[in-house]
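What follows is calculated from the coordinates using simple rules that are stated; it is not laboratory data. None of the values given here were measured: they were computed from a predicted structure. No Cβ is skipped: glycine too gets one built from the backbone with ideal geometry, and neighbour counts run over all protein chains shown.
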């Protein structure tokens, strides 16, 4: 029986990349789940129950708080991971996993969410954090080293899958590689349409500076629109300090609470630039539209006037203008939900399996066994 590994950079949060990894594993459940380090209490029960195989980084202290601070160690951990006995490696990569070293006869397929954003767009990231000049200089030197490593590591996968056409273009520009686009999975069955919508806008996000939640908080505070913010992160206290009385912060919430707010909101506000952005399509699955910044993945998934609106400049004034335009329109929840179903998790899994079967004997063997079983 062929051996298959699914390798992710790290498993220390429960975001979009982790949902992609979970969906891939559900499609190839025989795969060993591998990573550099795991924080079991921070990931989904499904991934936790797989008991991920980790590296020496698992022994590092305070992983749940410091895993991002260990950024210089991940290349060494990825390259030391014992992957030589696998016939097929599928990496789910935001930065490091592409660098795993495979056996000579193995096939490595990298599902790439983006080149390392904090490396290739370093100036944008540090501009919103209050680092001193000496710290910025030191960080830039470290980041340049990471960029050189990533350029070498990018040559290791045999095939690339990109999560959007924009990311495919970035991979071509950064590494000179071609990729096939397979958009991330949306669990549309988790959401439903309700007639009982309420008068509030919704943020559903990690609260970190690059997400630009500050635009939504200030726009709704200034115009006295009700905004509910679900999520947590390093930017929470700053955002709360600038919020008016119409903005509520609920922190992290379980899925059933998130679903209720998603189903009843006027719209999701999505003011940051994402490589793809799964959350807008999840809200669409509830029949609700989005108001999104017109850059990144949103330009590929938001059809103006059908499932949402785009605003073209990351400013409070442009967001307010978009909200006014949004409120002058009527929206068709059924059409919005149908749009989201094009990205359903089952479609994603079928496309992943078809791709892997084309490029890997191990995946073709798995596909044949699945067909015989079902």
Assign one of three labels to the range 314-359, namely rounded, prolate or oblate, based on the Cα gyration tensor with a ≥ b ≥ c the square roots of its eigenvalues; rounded applies when a/c is under 1.5, prolate when it is not and a/b is larger than b/c, and oblate otherwise.
oblate
Most fluctuating of 22, 324, 273 in the GNM of the chain (C-alpha, under 10 Å) is 324
Nearest 10 degrees, 0 to 90: what angle lies between the long axis of helix 255-264 and the longest principal axis of the chain (Cα atoms)?
40
Going by the alpha-carbon gyration tensor, a ≥ b ≥ c the square roots of its eigenvalues, is the range 188-342 rounded (a/c under 1.5) or, if a/c is not under 1.5, prolate (a/b greater than b/c) versus oblate?
rounded
Helix 316-327: inclination vs the chain longest Cα principal axis, degrees, rounded to 10, gives 80
Length gain on complete extension for the stretch residue 234 to residue 341, per 0.36 nm per residue less the alpha carbon to alpha carbon distance?
35.2 nm
Within 10 Å of each residue's Cβ, count the other Cβ atoms and sort 108, 346 from fewest upward.
346, 108
Any idea what angle helix 345-359 forms with the longest principal axis of the chain, computed on alpha-carbon atoms, 0 to 90 degrees, nearest 10?
30
Mind giving me the nanometre distance, one decimal, between the label points for residue 248 and residue 364, set 7 Å out from Cα along Cα→Cβ?
5.7
Along the Cα→Cβ direction, 7 angstrom out, place labels at residue 58 and residue 133. What is the inter-label distance in nm?
4.6
For the range 1-62, shape from the Cα gyration tensor axes a ≥ b ≥ c, cut at a/c of 1.5 then a/b versus b/c, turns out oblate
Return 350, 41 ranked ascending by Cβ neighbour count within 10 Å, so the fewest neighbours appear first.
41, 350
Label 7 Å along Cα→Cβ of residue 169; the range 287-319 residues with amide nitrogen under 15 Å?
294-302
So how long is each side of the range 41-82 along the principal axes, counting just the alpha-carbon atoms, biggest first, in Å?
29, 26, 13
Roughly speaking, what is the centre-to-centre gap between the range 41-81 and the range 302-342 when only Cα atoms are used, to the nearest Å?
38
